[in-house]
1. Pick out the one residue from V88, V107, V136 that is of a type in the set (A, V, I, L, M) and outside any helix (DSSP H, G or I).
2. I'm trying to understand the selection: among the residues of the stretch 257-284, which are touching a Lys or Arg at 6+ places or on another chain (Cβ under 8 Å) and part of a strand (DSSP E or B)?
3. I'd like the full set of residues that are within 19 Å of W254 (Cα to Cα) and among the polar types (S, T, N, Q), limited to the stretch 408-451.
4. Output the helices (runs of 4 or more DSSP H) that fall wholly within the stretch 414-495 and possess 2 or more residues being among the aromatic types (F, W, Y), or say none.
5. Can you tell me which residue among A54, A106 is surrounded by fewer than 22 Cβ atoms within 10 Å (Cβ to Cβ), hydrophobic (A, V, I, L, M, F, W, C) and in contact with a Phe, Trp or Tyr (Cβ under 7 Å, 6 or more places away or on another chain)?
6. Among the residues in the stretch 341-362, are any closer than 25 Å to N324 by Cβ and part of a helix (DSSP H, G or I)?
7. Among the listed residues A173, A148, A213, which satisfies the condition of being over 18 Å from R301 (Cβ atoms), modelled with pLDDT of 95 or more, touching a Lys or Arg at 6+ places or on another chain (Cβ under 9 Å) and of a type outside the set (F, W, Y)?
8. Which ones in the stretch 158-217 are without any contact (Cβ under 8 Å) to a residue 60 or more places away in the chain and not in a helix (DSSP H, G or I)?
Amino acid sequence: MECVLVCALFVVAFVPVVVTANDYGITYDEPHYASAGVSYAEWWARVFRADLRAFRRDEIEETWGLNHEHPPLQKCSSGFAQRWFGDVLPGLAAMRLPSGVWFALAVCALYLFGRRAWGRRGGLFAALAFAAMPRVTAHAHFVALDMAITAWFFITAALTAEALRRDSWPWTAAAGLSFGLALMAKLNAFFLPAMLIPWGLVYYRTRWPKLAAALVLIGPAVFWLGWPWLWIDSVPHLGEYLGFHLRHAAYNVWYLGRLYRYAPWHYPFVMTAVATPTVVLVLALMGAALACPRRGRTPERALLLFGLAIALLPSALPASPKYNGVRLFLPTFPFLAALAGGGFAWLQGLVARNARAGRPRRGTLSALICAALGAVLLSPGVRGVIATHPYQLAYYNALAGGSEGATRRGFEAIYWGQVFEEAPAFLNAVEQTSPRVLLIPKGVIYLLEFQQQTGVLRSDVEFTGDSAEAGSVDYVMFQAMQSDYTDLCWSLVEGEEPAWAVRLGRTPLLLVYDREAVAEALRGLSP
């Protein structure tokens with residue numbers, strides 16, 4: 001029965017992601033990761049064909065030096081997905097397939113771990129609550145590192161807990177393998193030992209050899225074996241990888257009505273609070289309260305608190321980059337969903353006891369009542385996913401006043417460029433020959449040129465990223481990512497009507513202004 005339920009959860013999470021994969025426009029990072037993945041997969045294919053030339057130093061450097069700033073799990077899996085399913089799945093679906101797999105695995109892991117912590121109903125609610133988080137759902141569709149690390153970060157925690165609880169070497173090996181995959185997913189994995197070692201020493205002090213084996217031996221070995229770039233000049237290359245992130249450029253973020261290079265320490269906490277369905281947030285607070293008292297604390301429940309803290313706190317440090325909504329601390333959300341499972345387990349237990357009071361044979365009725373309660377509590381998240389599709393990156397909960405209220409309160413409306421997919425709907429209908437368009441910021445030009453190369457966008461449209469040419473272009477186009485706004489953008493948004501816009505409700509996501517509006521805005525900017 002459990003196996004059937006887990007498989008059903010996987011299907012329920014995975015299939016909608018695959019079906020809707022092409023609903024989402026391509027984002028900033030995806031072309032880089034997808035193309036690198038094709039190269040990586042071809043190298044592994046040569047290895048599987050016993051082409052020993054692939055092991056030459058120059059071959060490894062040429063292949064794996066591409067986009068070596070980030071580890072290879074997502075890119076490599078995307079490359080294989082393109083090789084195996086590119087002729088079967090249309091559009092972007094093949095290259096995005098692995099993110100759907102990671103998402104579905106996380107949903108299953110949440111059920112299994114939540115069942116251990118809170119019981120079957122609590123685990124099931126945790127899994128479904130995670131699947132119904134709009135921001136999480138969006139990230140399940142992209143060729144990016146964030147869903148991979150979110151899944152493997154939580155799976156590693158869950159497998160480590162199971163290994164220590166069972167005092168089992170096979171489970172330890174599984175936990176170590178998972179940790180290695182997390183290291184191959186994204187840098188966030190380096191924080192896992194900071195969570196698991198203190199927790200393990202508190203609850204399983206005598207089993208420290210298994211903890212050390214998973215986190216010090218097996219995981220790093222898998223990381224090294226899975227990233228051939230580390231096979232040559234291992235120490236310098238590892239130092240280069242870590243150094244890149246220690247010196248990582250901080251991008252601007254628009255937060256609470258101000259432009260920051262480094263947002264304040266409370267950014268990850270506030271963003272988590274406004275980007276999580278409110279009901280799930282309240283239930284998670286209840287679950288956290290249940291995990292705290294000594295009577296209610298179990299190793300599994302305590303691990304959820306450890307995990308929530310370690311997933312969030314690094315992003316609160318003064319020098320930590322803070323931008324792109326909740327993307328950089330997305331591993332927070334499985335722990336939040338698991339704690340919400342605890343809140344639901346307590347609440348449904350209360351309802352079930354009242355339903356059975358004096359009626360010992362009313363178990364079926366109480367189960368139906370609890371199922372209805374779960375559906376009601378999950379419905380805000382489900383409605384949020386549907387209502388914001390495919391722009392769940394613009395989702396804000398009721399605490400922020402939805403997308404419209406959040407924009408009014410100074411939160412960033414959208415990010416990552418996916419909304420530029422809508423540009424051909426306007427530009428292809430322009431009657432003028434060879435219209436010139438100023439794109440802000442100029443770095444997004446390649447997204448529109450990609451559309452021209454694939455035939456989605458007419459080829460005669462000319463693009464520039466030079467704001468000095470604003471007075472001579474036919475249109476100015478930009479997404480409603482306020483951290484990218486120039487003075488011209490603000491002048492247009494605050495004083496002119498767009499010629500065309502993509503909106504989520506009344507919240508603009510992509511804006512186009514014509515020559516007359518631009519000229520008026522420029523006059524307003526003149527000294």
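The values are calculated or read from the model by the stated rules, or taken from the named source; none is laboratory data. Since this is a predicted model, take the numbers as computed values, not measurements. Methodologically, a virtual Cβ is constructed for each residue, glycine included, from the backbone with ideal geometry; neighbour enumeration extends over all protein chains shown.
1. Of V88, V107, V136, the one residue that is of a type in the set (A, V, I, L, M) and outside any helix (DSSP H, G or I) is V88.
2. Correct list: Y260 only.
3. Across the stretch 408-451, the qualifying residue is only Q418.
4. 445-453
5. Working: A106 fails: surrounded by fewer than 22 Cβ atoms within 10 Å (Cβ to Cβ).
One residue alone meets the criteria, A54.
6. Filtering the stretch 341-362 down to residues closer than 25 Å to N324 by Cβ leaves none.
No, every residue in the stretch 341-362 fails to be closer than 25 Å to N324 by Cβ and part of a helix (DSSP H, G or I).
7. A148
8. The answer is D167, S168.
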